[in-house]
Amino acid sequence: MNLNRRTFISLTGAAVATGTLAACGSNKGGISSDSSPSPAGSGSAAASGAALTQWYHEYGEPGTQEAVKKYAAAYDKAKVTVKWNVGDYAKLLSAALLTNDIPDVFESEMGPSIDMIKAGQVADLTDVIGDAKSRFNAELMNRMTYEGKIYGIPQVVDMHLLYYRKSLLEKAGVQPPKTFEELVAAAKAVKTADIGGLFVGNDGLGPIATALLYASGSSQLNEDRTAAGFLNENFYQALTDYRDLFNSGALLQSASKDWFDGSPFANEETAMQWGGLWSMTDIQKALGDDFGVLPFPAVGSAGKQATMFGAFGCCVAAKGKNVEAAKEYAKWLWVDQTEDQVDFANNYGTHVPAQPELAPKCTKLAEGPGKDAAQILTDFGKPASDILWSGAMADSFAAAVSNVVKKKADPAKELASVGTKITAELKRIKG
């Protein structure tokens, strides 16, 4: 399991304590760790077109590096040199954008950061995407938009899911839960001396704070992004209800792997697990068709089912040497080349194409739990984090939630100080 593989989707902006989307595969994923650039353009393109550099972070799934180089080599209007970056990609990218060695095209977690946009480091891609905007997941496209301008083209989507064992729920006489009350009842009903009822992480929290946030009808920020969006009784009650579950004994809090690895569920350590779509391939190998997937159940009277998702976004450096050529290539690859987009989502782990209409073309999403997951994303998916949700906000939020759940702090009082910090941080960010 390579946690760095999906730390781009920080569900509360920073700490793993509040949750990041991770993905399956070892740190190397069977791929060379060489981070040096590799030429990927065709001979004719090299002779007649522009020269472009394209950056990727190190994906954990075997074959991904070869695949992205193959896509680039097929482009006949430029010579595209792909650089596969091993290590702390965010740090490497941030440093490169401040030098003359700027990649023309690069991927960035959840699209470019607000700092990249405000510093003028990324090009406006609104006209590049044009009418194709409607073909992309609307929530995801909105996440890569700031003040009406689009700065990233979504590549592929990863998401969270509630995995449940069909046979165990049936044996216990409970239905797949759609509300938090039903989730608690199901966890208690299926728990035995040998198997946990529900697993969300070895700390008992994992990324669940963000799930509770959305499922209670709240949000990270208010509509105009001037203050916190969760200072309400609905979310306070959600945390109190979760604290009761935390102390009920129905949660498995010591598993062989953490929440971002599907092993606890696949190994029958738990009857239900909050995890990621990326684990589905391994789970299917272990359990066959004896499992289903759900969004996180609705919490409280104002709640609704929800899940979190994220994606890398393809960006173009605004200060690159070949901005227009880079835009054209980015459009060709991530807007027009739908066959490659299906290949990228379907053949290197299990992911959802950023254009929902392509999901049925992915064999892993054509039927069963994969098909259900794609529909859950469309119906209940929310971005992992708001574009203005900073690491400082995430850390403060995570600490407060932990104090409420583990130390029995009063949620209203604990989160009030978080709200004050968020308001100040938003003023700083907006400048």
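Tallying residues that are over 24 Å from PRO411 (Cα atoms), modelled with pLDDT of 95 or more and either part of a strand (DSSP E or B) or not charged (D, E, K, R) (or both) within region 188-226 yields 6. Taking the criterion of being among the hydroxyl-bearing types (Ser, Thr, Tyr), assigned to a helix (DSSP H, G or I) and touching a residue at least 60 places away in the same chain (Cβ under 8 Å), the residues of region 377-431 that qualify are THR378, SER402, THR423. Taking region 315-340 as the region of interest, how many residues are at pLDDT 95 or above and open to solvent by 10 Å² or more (accessible area, probe 1.4 Å)? So the count comes out to 13. Here GLY49 passes the criteria (1) open to solvent by 10 Å² or more (accessible area, probe 1.4 Å); (2) under 25 Å from LEU140 (Cβ atoms); (3) touching a strand residue (DSSP E or B) at 6+ places or on another chain (Cβ under 7 Å) except the one numbered (2). Is it the case, given these coordinates, that ASP343 is in contact with a helix residue (DSSP H, G or I) (Cβ under 7 Å, 6 or more places away or on another chain) and surrounded by fewer than 21 Cβ atoms within 10 Å (Cβ to Cβ)? For ASP343, the condition - in contact with a helix residue (DSSP H, G or I) (Cβ under 7 Å, 6 or more places away or on another chain) and surrounded by fewer than 21 Cβ atoms within 10 Å (Cβ to Cβ) - is met. For the residues LYS413, LYS321, LYS408, LYS427, the requirement of being on the phi > 0 side of the Ramachandran plot and of a type outside the set (Gly, Ala, Ser) singles out LYS408. Restricting region 106-149 to residues that are among the charged types (D, E, K, R) and assigned to a loop (DSSP other than H, G, I, E, B) leaves a set whose member that is most open to solvent (accessible area, probe 1.4 Å) is GLU147. Of all residues in region 150-178, those satisfying the criterion of being touching a strand residue (DSSP E or B) at 6+ places or on another chain (Cβ under 7 Å), under 26 Å from ASP386 (Cα atoms) and in a strand (DSSP E or B) are ILE153, PRO154, GLN155, VAL156, VAL157, ASP158, MET159, HIS160, LEU161, LEU162, TYR163. LYS364 falls short on exactly one of the conditions (1) at pLDDT below 95; (2) crowded, with 16+ Cβ neighbours inside 10 Å; (3) farther than 20 Å from GLY63 by Cβ, and that condition is (3). The single condition among (1) open to solvent by less than 40 Å² (accessible area, probe 1.4 Å); (2) modelled with pLDDT of 50 or more; (3) at positive phi that GLY13 does not satisfy is (2). The criterion of being within 18 Å of the chain's Cα centre (by Cα), in a helix (DSSP H, G or I) and under 18 Å from ALA74 (Cβ atoms) does not hold for ALA359. Scanning region 247-285 for residues that are within 23 Å of GLY173 (Cα to Cα) and either open to solvent by 30 Å² or more (accessible area, probe 1.4 Å) or among the hydroxyl-bearing types (Ser, Thr, Tyr) (or both) returns SER248, GLY249, LEU252, ASN267, GLU268, GLU269, THR270. The C-beta contact set for region 69-87 (first residue under 16 Å from VAL323 (Cβ atoms), second residue open to solvent by 40 Å² or more (accessible area, probe 1.4 Å) and of a type in the set (Phe, Trp, Tyr), distance under 9 angstrom, 6+ apart or interchain) comprises LYS77/TRP332. Could you grab me the full set of residues in region 55-66 that are farther than 22 Å from ALA90 by Cβ and in a helix (DSSP H, G or I)? GLU66 - this is the single residue of region 55-66 that is farther than 22 Å from ALA90 by Cβ and in a helix (DSSP H, G or I).
The values are calculated or read from the model by the stated rules, or taken from the named source; none is laboratory data. As the structure is a prediction and not an experimental result, all values here were calculated from the model. Using ideal geometry, Cβ is built from the backbone for each residue, glycine included, and neighbour counts are taken over all protein chains shown. Protein only, heavy atoms only, side chains kept; ligands, DNA and RNA dropped before computing areas. Shrake-Rupley method; radii C 1.70, N 1.55, O 1.52, S 1.80 Å.
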